[in-house]
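Presented below is the structure to which this report refers.
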Amino acid sequence: MALCIETLPHICGSSDALQVFGEEDGSVTGYCFSCDTYVSHPYGEEGVPVNRKLKRKTSEQIQEELAEISALRTVSLPTRKLTQEALAYFDVKVGLSEQDGSTPIFAYFPLHFKGKVSGYKVRLLEPKKNWSVGEVKQTDLFGWKQAIQTGARRLFITEGEFDAVALWQALKNKAKDTPYEAFDPAVVSLTHGTGKVKGDLTTSLHMIKSNFKEVVFVFDMDEAGYEAVRKAVDIIPYGKTVTLPANDPNDALMKGYERALCDAVLFKSTVPKSTRLIWGRSLIAEAREEAVMGFSYPWEGLTKLTRGIRRGETVYLGSGVKMGKTTMVDTLAAHMMQEHGMKVFCAQPEDVVKRTFRRVVGKVAKRIFHDPDIPFDYNAYDKAAPLVGEHLCLLDLYQDLLWNDLRVDITTAVQDGCEVILIDPITNITNGIESGQANTILQEFAQQLAYMTKDLNLMTFLFCHLKAPESGLPHERGGKIYSNQFAGSRAMMRSCNTMLGLEGNKDPDLDEDERNMRRLVLLEDREFGATGYIPLWFDKNTGCYHEMKG
């Protein structure tokens, strides 16, 4: 959530109406309250560095701003079909356009701590933009003050503030002209979004248990909402969930599904089925079968050691710099397409997609198409390219790889039929980040990707450059590879099923055949505890690794 930084002049003529907001990623945006204009780059054009010290508001300035907000009126929000009565119940203030004095521009949601307003979440209605005023990190759930005054036994918890207002409004309308008309439903919302659902609920857990007998999670009907329910149930195991007639309560209200919304939360809430508790009797028949080999690797020796590639598992491979890691990526991609008919998603942010495609086609054709010193075999290319074209999905992105974006890309590729995920190198996710924070990010990445791999029944391969050995030979000169040399090694050892290293010696004093020798070492194998080496030789004529026998 953005924070207010300072006010600036604006081209509309105002001397101090352009409010600058600081984002969590360090960027800034702005909004001119005088001419009702959103300003994406308040300090200049995009990409221009901000060579100035940002001024943060003093406590006196913040208190003055809180007082100004609390003095604002509450009016209805027709675009969201929210009434003045419903908004006023939650003390929501509405900022109106300074141009016409009547068009709602902002919604201010009060957040309380120890019974007093400590800050406001501010919502710019169009375009959608959020920021905060005052202290909002440690607060009660939105609407908590009203909820505990209702005397209700059931608490409804939504994802966002607009949803809480919408649900309260719908339930009050349903109660009109009934014996329950005088009673208010207890409705609150998370204050920091689904990403911090555990923190919000843990902070309020004691008060929730002390005041309510039932809890119903009314979260959005999307993947983030489903995941939030799973996390929420970890904190409140007896909590129930509902299937909504639209994406969220406010969406249901706007689409005219008010009655269906009320029926869902009042009469159709259910306890989420726990997938963590499984009785052994349900596994008797399923487990009574012979174990089978997984899908083959390109190298028979590795298939025998690991018993093959299995769905739902993650494999981590590391090597020294320029030791042939990319060749391993291309070879695995080609093998899974050619031998197993699987679609492959490949994210290689250090390469361009045309070059990656050409190399993978080369692995299928057993030819080299990317070296200008080698004649281009058009017949071999034309024969192999259609297979790769139908089975390979590439991420068109250079250098800048963010996990939140990559997660969406993977999900999209899986929906298009991809079953194998290749990410090389994972260290691009932490480019420009300090080592301490980088390890934390890699840990979260490894855990979440392992969950995704298991949930979606995928086969995932991660690749990275290794940390330099603390002593002895470097990896490029034949140094041995150990598990603790992998980026995010501890997190990866916990989250990955298999860890592989690619060893070799590129010493120019060695003859060419010896320089092209590699050893694929199995370092960690969670399933069978196997270890061992697979000797490989790089064929410069085909660009492929061949397993050496005997």
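Since every read-out is calculated from the coordinates, none of them should be taken as a lab result. Keep in mind it's a predicted model, so treat the numbers as computed, not measured. All Cβ positions, even for glycine, are placed from backbone atoms using ideal geometry, and neighbour counts span all protein chains on display.
Within the chain, antiparallel bridges make up roughly 60 percent of the DSSP beta bridges whose residues both belong there. Structural descriptor for the chain: relative contact order 9 percent, calculated from alpha carbon pairs under 8 angstrom and at least 6 residues apart. Under a 5 Å amide H cut-off, with hydrogens placed 1.01 Å from N, Leu155 pairs with Glu214, Val215, Val216 among residues at least 5 apart or on other chains.
Report the extension gain between Gln448 and Tyr381 in nm, rounded to one decimal, defined as 0.36 nm multiplied by the number of residues separating them, less their alpha carbon distance.
20.3 nm
Were the residues from Glu223 through Ser97 laid out at 0.36 nm apart, the gain over their Cα-Cα distance would be 41.8 nm.
Packing here is the average count of other Cβ atoms within 10 Å per residue, and on that basis the peptides 199-211, 347-359, highest first, run 347-359, 199-211. Per residue of the chain, the DSSP helices (runs of n ≥ 4 H) give a summed -39500 (n - 2.57) that works out to -10000 deg cm²/dmol at 222 nm. Summing charges over all other residues whose Cβ lies under 12 Å from the Cβ of Pro245, with Lys and Arg as +1 and Asp and Glu as -1, gives -1. Of all DSSP beta bridges confined to the range 300-547, the antiparallel ones make up roughly 45%. Look at [x] 31.4, 101; [y] 26.0, 95; [z] 29.0, 93: the one that is Rg and Dmax of the Cα atoms in Å derived from this structure is [z].
With a Förster radius of 35 Å applied to the beta-carbon distance between Met548 and Ile278, the computed FRET efficiency rounds to 0.20. When each of the peptides 437-444, 72-79, 388-395 is scored by how many other beta carbons lie within 10 Å of its residues on average, the order from highest to lowest is 388-395, 437-444, 72-79. From most to least packed by mean Cβ count within 10 Å, the peptides 263-269, 424-430 give 424-430, 263-269. Remark on Phe113: its backbone amide H falls under 5 Å from those of Ser118, Asp140, a criterion applied only to residues 5 or more positions apart or on other chains, H modelled at 1.01 Å from N.
Modelled spin labels at Gln61 and Lys366, positioned 7 Å past Cα toward Cβ, are 7.1 nm from each other. All C-alpha to C-alpha distances of the range 368-475, sorted into 10 Å bins beginning at zero, yield P(r) values of 11, 33, 29, 20, 7, 0 percent in whole numbers. Return the subset of Lys322/Lys540; Lys93/Lys231; Lys322/Lys383 for which the Cα-Cα distance in this structure is over 23 Å, preserving the input order. With Cα atoms farther than 23 Å apart: Lys93/Lys231; Lys322/Lys383.
In units of the compact-protein estimate 2.2 N^0.38 Å, the range 300-547 shows a Cα radius of gyration of 0.98.
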